[in-house]
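The values are calculated or read from the model by the stated rules, or taken from the named source; none is laboratory data. On a predicted model such as this, the values are computed, not experimentally measured, just so you know. No Cβ is skipped: glycine too gets one built from the backbone with ideal geometry, and neighbour counts run over all protein chains shown.
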Amino acid sequence: MALIALAADKGAPGVTTAAVALGAVWPRPVLVAECDQAGGDLVYRLPAAAEGDGRGGTLNPSRGLLSLAATARRGLRPDQIAEHCQRLVGGLDVLVGITNAEQAQAMTWLWGPLGRAFAGLAPVDVIADCGRLGAGTPLIELMREADLVVLLTRATLEQVAHLRERVAALTEELRGGPPVGVLVLADPRDFRGSIAEVDRIIARNRGQAPDPAQGPPQPGVSVLGGLALDPKGAELLSGRWGGRLDRSLLIRSAREVAADLTGRLPAVPDAPREPAAPDVPPARVPAGEEGRR
Ligand SMILES: Nc1ncnc2c1ncn2[C@@H]1O[C@H](COP(=O)(O)OP(=O)(O)OP(=O)(O)O)[C@@H](O)[C@H]1O
Ligand SMILES: [Mg+2]
């Protein structure tokens, strides 16, 4: 189904946390795929669901992107992905990423075919954690296949200024490709102000005179919404999942963002279009003691 590429420019604004939070409350079947070239973090953060022996455990670092890449040399089909995925406590399916940045150098060929396979994975949406984007990133090949590229930023002048440069370069590289939107990580008490401020800074790109040599102008980059800056929620989400997670500001804001993003995506055939009501606990966020390690 839909592929959503989540990334940042500089800093570590919380892309992995956002990918997991959105995956946990996503109102349609979903897979969170760690495509960060710098290496994945899920293996160190999140408990795997219990296997046949009834005991939960740790995620297996060698089952994921690495094992998928090893089998995909001669082409990659969507139906090859499932056997390389693992399930977290709470039921979220993940494709764990590479373990270190060196491995990424041998995998630059993978991103295009992987993006196409993700986009063809029915009826599952894929949220791809693309990590930090540098200039000339090979992940652009995956992003071209996405339905939506979401760039995450904290609402600091420093991060937004860098993001603005990245947005300009990225929209050029993705010309004719998916729309690019910005998600702002901010204190929920000042969502409106932070979002308006980020929008104002990003909008300076939109105000630039079009360059005739570059073809038709790219549709403007929009600010999609806000995700709560919530250290407690982020901590709960990174391993020590507990009962209060469901009510955390982070998960509550993720639910709103997930509903908004899925509203922008192609509908799932024969699936209810409406996202889960906000007061219905999402199935993938463990409630109470069962989520604890
Ligand atoms: N919404 C949030 N509110 C508060 N703290 C957060 C939030 N998201 C992430 N953090 C914290 O910020 C740090 C980095 O988070 P995370 O690993 O998700 O960032 P990242 O952008 O994926 O970083 P990297 O580029 O290193 O992979 C962690 O300590 C995490 O707990
Ligand atoms: Mg990360």
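Here are some notes:
Every residue, every condition in (1) in contact with a strand residue (DSSP E or B) (Cβ under 6 Å, 6 or more places away or on another chain); (2) in a loop (DSSP other than H, G, I, E, B); (3) closer than 18 Å to Leu152 by Cβ, yes or no:
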residue: Leu236; (1), (2), (3): no, no, no
residue: Trp241; (1), (2), (3): no, yes, no
residue: Arg252; (1), (2), (3): no, no, yes
residue: Ala258; (1), (2), (3): no, no, yes
residue: Leu261; (1), (2), (3): no, no, yes
residue: Pro266; (1), (2), (3): no, yes, no
residue: Pro269; (1), (2), (3): no, yes, no
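- For region 156-172, the tally of residues that are charged (D, E, K, R) and loosely packed, with under 15 Cβ neighbours inside 10 Å stands at 3.
The rows are residues; the columns are (1) of a type outside the set (Gly, Ala, Ser); (2) not in a helix (DSSP H, G or I).
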| site | (1), (2) |
| --- | --- |
| Glu172 | yes, no |
| Gly176 | no, yes |
| Leu185 | yes, yes |
| Ile195 | yes, no |
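- Region 30-55, subset in a helix (DSSP H, G or I) and surrounded by fewer than 17 Cβ atoms within 10 Å (Cβ to Cβ), residue farthest from ligand 1 (Cβ to nearest atom): Tyr44
- In region 25-48, the residues that are among the acidic types (Asp, Glu) form Cβ pairs under 6 Å with partners that are within 16 Å of ligand 2 (Cβ to nearest atom) and not in a loop (DSSP other than H, G, I, E, B), at six or more places apart or across chains, as follows: Glu34/Leu42; Glu34/Val96; Glu34/Asp129; Asp36/Asp129; Asp36/Gly131; Asp41/Thr16.
- Note on region 125-146: among residues that are crowded, with 19+ Cβ neighbours inside 10 Å and small (Gly, Ala, Ser), the one that is farthest from ligand 2 (Cβ to nearest atom) is Ala146.
- For region 202-256, the candidate set comprises residues that are closer than 21 Å to Tyr44 by Cβ and basic (Lys, Arg); within that set, the residue that is modelled with the highest pLDDT is Lys232.
- Ala18 being modelled with pLDDT of 95 or more, under 14 Å from the mean Cα position of the chain (by Cα), within 16 Å of ligand 1 (Cβ to nearest atom) and not in a helix (DSSP H, G or I): no
- Subset of region 56-103 (residues that are polar (S, T, N, Q), surrounded by fewer than 16 Cβ atoms within 10 Å (Cβ to Cβ) and either in contact with a strand residue (DSSP E or B) (Cβ under 7 Å, 6 or more places away or on another chain) or in a strand (DSSP E or B) (or both)): Thr58, Asn60
- Of the criteria (1) surrounded by fewer than 22 Cβ atoms within 10 Å (Cβ to Cβ); (2) at negative phi, which one Gly176 fails: (2)
- First in region 177-205 and in contact (Cβ under 8 Å) with a residue 12 or more places away in the chain and within 20 Å of Ala259 (Cα to Cα), second anywhere and crowded, with 18+ Cβ neighbours inside 10 Å and of a type in the set (Asp, Glu), Cβ under 6 Å, 6 or more apart: Pro178/Asp147
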